[in-house]
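Q: Quick one: the structure is below, and I'll ask about it shortly.
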Ligand code: NDP
């Protein structure tokens, strides 16, 4: 029986899928399309979380001692396991999160690619190296290396239940840490599947990656369990609570808090391509994408053509749970209320719904809104649904001004056929990531860091920065030979600092 099949059959009494702590309380995860139970999971309390972190701490020593090569081969075995069972995992993602099987395959593919990059680059990025000792310590050798933190706690979201947490898990493991992962209460089966896959693929370091399940209290317990760092993805209000809880134990945090990403469509853009990308960026995964396109600013020169293209494409999309559907149901029932509120507010404040605007159970129709004021919820708050607002602007400068006025700053997109102008707009966009003439591409480039500014959080996963995020820099100097005069000794002659002052004057004093 496959792991996914086992999860289908677990009951409250066999909820041991992930539980080794005999926790009495359990909860169900359900299929958002059908309501069928996907799995039953324990609610891990603070004691169970502390016990798991203690086991992980022991495993962290063994895992770190394997060195870069030992970890690289084991991370390769893990990604090999995921790749061989990609359809099994995609099926589980489809059932528990609701996204289409095809989108689940894409998500898992990205996660596998990041696992490969993290494992293969950890030594080069983090390994010991000699650095120049400079003039003042020329008689010393200087070394820099990036040491693991021990155990990293990861609190993950439900919208990309494989890709997003793996951005922390893969990089933290590659850097030599053990990981305790608390998946969202909406996607615990996927988290449990990943942990079971790890145990099967890497049996000699099985405790280096473990999962705990439960609600917010379980996440809060992980914050207080003495982990070396806590990587959080979710909403800004919960992010603030996580930071406050972590402050109690001075646990450092990484915050990935969502966005209100904009696309700028300039006068010289390929309008058809921009419209195609905007619709996919806004509506794939039912719009439940932190780096999804939520608002578009199109210049007057292209606005009418862009709106016509977007509406035509959006009308062609059909939500559903079958293989031909463009996107699935909302994963969280409560998210439909947020979408409804944003739609109502947009219409009440003067916006016009050109396509869609209806909510049927868990399904939100593809929705295109124009003329919504900048102060409306649909334009300024994260909607997290298959909706897009389009606003006419004078020129790209005004588009950039409006883009940057939002307190979020996760990602964004620029469409322009002028390389120089697009690059300049991308640089000036207040966001951690920007794609030119595409959407979301940076997430598929493992060498590029991922993370936001402002209300979108701080810290970076992916790339060199993502590896360093889960380490502490360690500096070492080693005296190679003694100098006739040691400046850092009470025995130095009085005239030594006068000589030093003269040297400083010669070397630096000429700069004005
Ligand atoms: P939350 O921010 O409430 O939850 C995110 C994660 O934190 C979940 O695993 C959650 O567990 C956990 N958690 C909740 N409370 C605590 C706590 N006090 N201490 C520690 N961990 C906690 O997001 P939701 O899933 O409720 O979604 C709400 C909104 O957040 C969405 O509408 C969307 O706008 C945004 N969001 C953004 C994401 C992104 O990618 N940036 C991802 C997901 C959501 P549990 O699920 O068990 O409550």
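The values are calculated or read from the model by the stated rules, or taken from the named source; none is laboratory data. These figures come from a predicted structure and were not determined experimentally. As a convention, Cβ positions derive from the backbone with ideal geometry for all residues, glycine included, and neighbour counts pool all protein chains shown.
Q: Checking residue 124 against (1) farther than 19 Å from residue 472 by Cβ; (2) surrounded by fewer than 24 Cβ atoms within 10 Å (Cβ to Cβ); (3) modelled with pLDDT of 95 or more; (4) more than 14 Å from the ligand (Cβ to nearest atom), which single condition isn't satisfied?
A: (1)
Q: Out of curiosity, is residue 182 within 16 Å of the ligand (Cβ to nearest atom), modelled with pLDDT of 95 or more, closer than 30 Å to residue 477 by Cβ and in contact with a helix residue (DSSP H, G or I) (Cβ under 9 Å, 6 or more places away or on another chain)?
A: No: the conditions fail for residue 182.
Q: I'm checking my understanding of the structure. Among residues of region 430-450 that are touching a helix residue (DSSP H, G or I) at 6+ places or on another chain (Cβ under 6 Å) and without any contact (Cβ under 8 Å) to a residue 60 or more places away in the chain, which one is nearest to residue 271 (Cα to Cα)?
A: It comes out as 436.
Q: For region 5-23, does any single residue satisfy the condition of being at pLDDT below 95, in a helix (DSSP H, G or I) and surrounded by 18 or more Cβ atoms within 10 Å (Cβ to Cβ)?
A: yes
Q: Which one of these is touching a helix residue (DSSP H, G or I) at 6+ places or on another chain (Cβ under 7 Å), surrounded by fewer than 16 Cβ atoms within 10 Å (Cβ to Cβ) and in a helix (DSSP H, G or I): 59, 83?
A: 83
Q: Continuing with this model, one more query. When you scan region 310-353, how many residues do you find that are closer than 30 Å to residue 272 by Cβ and assigned to a helix (DSSP H, G or I)?
A: Number satisfying all stated conditions: 11.
Q: When only residues in region 241-269 that are part of a strand (DSSP E or B) and over 26 Å from residue 312 (Cα atoms) count, which is nearest to the ligand (Cβ to nearest atom)?
A: Among those residues, the one meeting the criterion is 256.
Q: A follow-up question, please. Which condition number in (1) more than 15 Å from the ligand (Cβ to nearest atom); (2) buried (at least 24 other Cβ atoms within 10 Å of the Cβ) is the one that residue 420 fails?
A: All conditions pass for residue 420, except number (2).
Q: Let me ask you something else. Which condition number in (1) touching a helix residue (DSSP H, G or I) at 6+ places or on another chain (Cβ under 8 Å); (2) under 17 Å from residue 391 (Cα atoms); (3) not in a strand (DSSP E or B) is the one that residue 307 fails?
A: Residue 307 satisfies all of (1) touching a helix residue (DSSP H, G or I) at 6+ places or on another chain (Cβ under 8 Å); (2) under 17 Å from residue 391 (Cα atoms); (3) not in a strand (DSSP E or B) except (1).
Q: Is there a residue in region 451-469 that is at pLDDT 95 or above, part of a strand (DSSP E or B) and under 23 Å from residue 267 (Cβ atoms)?
A: no
Q: Let me confirm something: among 236, 220, which residue is without any contact (Cβ under 8 Å) to a residue 40 or more places away in the chain, under 18 Å from residue 158 (Cα atoms), within 25 Å of the chain's Cα centre (by Cα) and within 16 Å of the ligand (Cβ to nearest atom)?
A: From the options 236, 220, the qualifying one is 220.
Q: Additional query: Being under 30 Å from residue 311 (Cβ atoms), away from the ligand (no atom under 14 Å from the Cβ) and either surrounded by fewer than 21 Cβ atoms within 10 Å (Cβ to Cβ) or under 22 Å from the mean Cα position of the chain (by Cα) (or both) narrows it down to one residue among 272, 208; which is it?
A: Going through 272, 208 in turn, just one is under 30 Å from residue 311 (Cβ atoms), away from the ligand (no atom under 14 Å from the Cβ) and either surrounded by fewer than 21 Cβ atoms within 10 Å (Cβ to Cβ) or under 22 Å from the mean Cα position of the chain (by Cα) (or both): 272.
Q: Let me ask you something else. Going by the structure shown, is residue 132 without any contact (Cβ under 8 Å) to a residue 60 or more places away in the chain and either within 30 Å of residue 327 (Cβ to Cβ) or surrounded by fewer than 22 Cβ atoms within 10 Å (Cβ to Cβ) (or both)?
A: Spelling it out, residue 132 is indeed without any contact (Cβ under 8 Å) to a residue 60 or more places away in the chain and either within 30 Å of residue 327 (Cβ to Cβ) or surrounded by fewer than 22 Cβ atoms within 10 Å (Cβ to Cβ) (or both).
Q: Out of (1) surrounded by fewer than 22 Cβ atoms within 10 Å (Cβ to Cβ); (2) without any contact (Cβ under 8 Å) to a residue 40 or more places away in the chain; (3) within 25 Å of residue 66 (Cβ to Cβ), the odd one out for residue 144 is which?
A: All conditions pass for residue 144, except number (2).
Q: For region 322-362: of the residues being within 13 Å of the ligand (Cβ to nearest atom) and buried (at least 16 other Cβ atoms within 10 Å of the Cβ), which is farthest from residue 95 (Cα to Cα)?
A: Once the filter is applied, the top-ranked residue is 342.
Q: Here's a follow-up. Among the residues of region 354-373, how many are within 21 Å of residue 297 (Cα to Cα), more than 29 Å from the chain's Cα centre (by Cα) and not in a loop (DSSP other than H, G, I, E, B)?
A: Qualifying residue count, region 354-373: 3.
Q: Only one residue in 277, 314, 298, 286 is in contact with a strand residue (DSSP E or B) (Cβ under 9 Å, 6 or more places away or on another chain), surrounded by fewer than 24 Cβ atoms within 10 Å (Cβ to Cβ) and at pLDDT 95 or above. Which one?
A: Result of the check over 277, 314, 298, 286: 277.
Q: Turning to a different aspect of this structure: Going by the structure shown, is residue 199 more than 11 Å from the ligand (Cβ to nearest atom), free of Cβ contacts under 8 Å to residues at least 40 places away in the same chain and outside any loop (DSSP other than H, G, I, E, B)?
A: In short, yes.
Q: Listed residues 238, 213, 289; which is in a loop (DSSP other than H, G, I, E, B) and out of contact with any helix residue (DSSP H, G or I) (no Cβ under 6 Å at 6 or more places or on another chain)?
A: 289
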